[in-house]
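The values are calculated or read from the model by the stated rules, or taken from the named source; none is laboratory data. Note that the coordinates shown come from a computational prediction; the quantities given were computed from them, not determined experimentally. Every residue, glycine as well, gets a Cβ built from its backbone with ideal geometry; the counts of neighbours run over all protein chains shown. The protein model used for the area step is the full one, side chains on, heavy atoms only, and it has no ligands, DNA or RNA in it. Shrake-Rupley method; radii C 1.70, N 1.55, O 1.52, S 1.80 Å.
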Amino acid sequence: MKKILLFMMLFSLLFVAAACSSKETTNENDQKILLPEGIPDFVKTSDFAKIDWDRKAVKFGDRGIIGNENKSGVIGADMPSLDQQKWMWHLWGVDDADLTIVGFHKDTQTVDQIISGQWTIHAGGPNNGADAHSPSTVHIPKPGEWAILLYTDGKLFDILVYDIKE
């Protein structure tokens with residue numbers, strides 16, 4: 001009897017540990033948000049609850065940067081991005097960092113790698129008034145509202161919300 005009880009306790013602990021290590025969560029519509037294979041470990045499903053869909057990226061400055069002024073922005077976000085497009089990322093308050101970029105589609109609740117072939121690029125050196133910048137090739141898988149979560153050196157830095165039509 002003691003062996004059965006011990007087995008049940010160990011099984012319960014294993015079940016709880018497995019449930020806690022899952023890389024999924026549900027949103028307010030009870031849809032599961034799954035993180036794709038290979039995404040950096042510091043990206044948490046709880047980060048997606050921080051998206052404010054009403055805080056759209058805006059154009060600022062004289063270079064056509066679209067983003068959150070004095071925080072982050074992109075040159076090229078207003079160009080067609082459903083194929084491949086060059087985007088230039090700009091960061092304020094960061095001198096030199098690994099920049100991880102995660103796309104989240106509002107309607108499908110899917111997480112996508114939008115930088116061609118990688119999650120993380122290096123941002124460094126001032127450009128266009130920003131403290132750091134980095135070029136990239138972007139591919140947006142489908143039209144719609146996208147939240148772009150930006151992580152610098154493994155920490156959530158900013159969220160850009162774009163409506164990508166083409």
Inter-probe distance in nm under a simple model that places probes 7 Å from Cα toward Cβ, at residue 109 and residue 142: 1.4 nm
Of all accessible heavy-atom area on region 21-166, the percent that carbon and sulfur account for (1.4 Å): 45 percent
From phi via Karplus (6.51, -1.76, 1.60), per-residue ³J(HN,Hα) for region 38-50 in Hz, x at Gly/Pro: x, 5, x, 4, 6, 6, 10, 4, 5, 4, 6, 6, 7
Phi to ³J(HN,Hα) by Karplus 6.51 cos²θ - 1.76 cosθ + 1.60 over region 73-80, Hz, x for Gly, Pro: x, 9, 9, x, 5, 8, 9, x
Average accessible surface area per residue within region 79-166, 1.4 Å rolling probe, Å²: 41 Å²
Rounded, prolate or oblate (a/c below 1.5 giving rounded, otherwise prolate when a/b exceeds b/c) for region 103-157 by Cα gyration tensor: prolate
Residue-wise HN-Hα coupling along region 93-104, computed from phi with Karplus coefficients 6.51, -1.76, 1.60 (Hz; x: Gly, Pro): x, 9, 8, 7, 7, 7, 10, 9, 10, 10, x, 9
Global form of region 44-166, assessed from the alpha-carbon gyration tensor, a/c cut-off 1.5: rounded
Cross-link table 50/142; 106/155; 44/86; 56/155; 106/142; 50/71, entries beyond 18 Å C-alpha to C-alpha: 50/142; 106/155; 44/86; 56/155
Between region 35-76 and region 122-166, the alpha-carbon center distance in angstrom: 6 Å
